[in-house]
1. Note down the net charge around residue 196, summing +1 for each Lys or Arg and -1 for each Asp or Glu among other residues with Cβ under 12 Å from its Cβ.
2. Lys and Arg at +1, Asp and Glu at -1: add these up for the other residues within a Cβ distance under 15 Å of residue 126 and post the number.
3. When ligands, DNA and RNA are left out and all protein chains stay put, how many square angstrom of accessible area per residue does the chain have with a 1.4 Å probe?
4. With a 1.4 Å probe and every protein chain kept in, tell me what percent of the accessible surface of region 299-359 is carbon plus sulfur.
5. What are the ³J(HN,Hα) couplings of region 234-243, residue after residue, when phi is run through the Karplus curve with 6.51, -1.76, 1.60 and θ = phi - 60°? Round to Hz, x for glycine and proline.
6. Which order, highest average first, do 339-352, 154-167, 7-20 follow once you tally other Cβ atoms within 10 Å for each residue and take the mean per peptide?
7. Mind checking the alpha-carbon convex hull of region 128-244 and giving the volume per residue in Å³?
8. Counting only protein heavy atoms and using a 1.4 Å probe, what share of the accessible area of region 164-205 belongs to carbon plus sulfur, as a whole percent?
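The values are calculated or read from the model by the stated rules, or taken from the named source; none is laboratory data. The shown structure was predicted, so the numbers you read here are calculated from the model rather than taken from an experiment. Here the Cβ positions follow ideal geometry from the backbone for every residue, glycine too, while neighbour counts run over all protein chains shown. We work out accessible area using only protein heavy atoms, side chains counted, and drop any ligands, DNA or RNA first. Shrake-Rupley method; radii C 1.70, N 1.55, O 1.52, S 1.80 Å.
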Amino acid sequence: MEIEAWISEVPLVEPLRIAPGTSYTQRSIIIRLRDGDLEGWGEACQSRRVLGETMEDALASLKKIIPAIKKASYESIEAIHEFTEGLDATPSIKAALNIALLDMYSKSEKRPLWKLLGGYRESLVTDITIGIMEPEEMAQKALKFAERGFSIFKLKLGENAEKDIDRVKKVRDALGEGPTIRVDANEGWRYEDAVRVINRIADYEVELVEQPLRHDMLHELKMLRRESPIPIALDESVRTPGEALRAVEEDIADIINIKLMKSRGITPAIRIIAISETAGVKNMVGCFSETRLGITATAYLAQAYRNVYYYDLDCDILSMDPVFRGGSEPEGPVRRPSQGYGLGVTLSNEGYLRPVKIV
């Protein structure tokens, strides 16, 4: 098994402001595994805040496990899970290798990955994210996206409770009845603010509230969920299957948001789905700032499993991403899969990739 790696850095169409900070670029590590004529692509996107890792951490981790990677097997989904789970690597590197090996496995089986995993739905409709702005600006931004065919809007909140209420009101007034509004506080509210904001925005037909409190405030999240007139989705609070089990045992979530970088890949995400569905909790899928490659892997997971009801897969839409083509192609808000084997992605523009020497 041979491995290559690159750093990808792509500008966002415009800065994206959320409660913890503002993003200007989409940065990740792209890897390619090769075994003879067969290749598999994977992506590692870091988050110091959520995963506790930097790009430097991830690269050091990748270099350390090269001997193990050279002996990796892709003979079955379970063998891939066993291999990546056992690696002494950062979460995003485990995710990238898990994705790449599954890409190789499904190519060796001559099947598209989304069909190999389950093939439950032919397409999905993503929301579009609107970062924190002044209320009137968010309303205008929502209208512009509506003109492009989007009907599900994820509003970033969490900086100022009173202004957050006005942000939701202004967007609803601009859109009128019909379009779906979701909100995400990214851990930004205090408990008292969360109660006040949620009770007020319930009048504006909000579908769900994502991560209203700090990830470790489990007792408060449980109380809030009991009081909330809107379903509560957890993101930062649930990264792994073990944390998903804790969330359903403590009854703190209506919805669990899965991101492949948090879960350490597709195979652990499948276990989160199984835990959630057994407990009557729905799933959502999301992304950090992946390219089309990482978005495709997540979209294919969502297309494979019935319990994934909500889709937040817009990172490549919000960036000037030219790196990969194929895979989960967006047509406005609708994402349809490639019929090619594996992920079905092809490298389109190497100009945004900087080679990394790892061996």
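1. -3
2. So the environment of residue 126 carries a net charge of -4.
3. I get 39 Å² per residue for the chain.
4. 50 percent
5. Result, rounded to whole Hz: 9, 10, 4, 6, 10, 10, 10, x, x, 6.
6. 154-167, 339-352, 7-20
7. Hull volume normalised by residue count: 96 Å³.
8. Here carbon and sulfur together make up 41 percent of the probe-accessible area.
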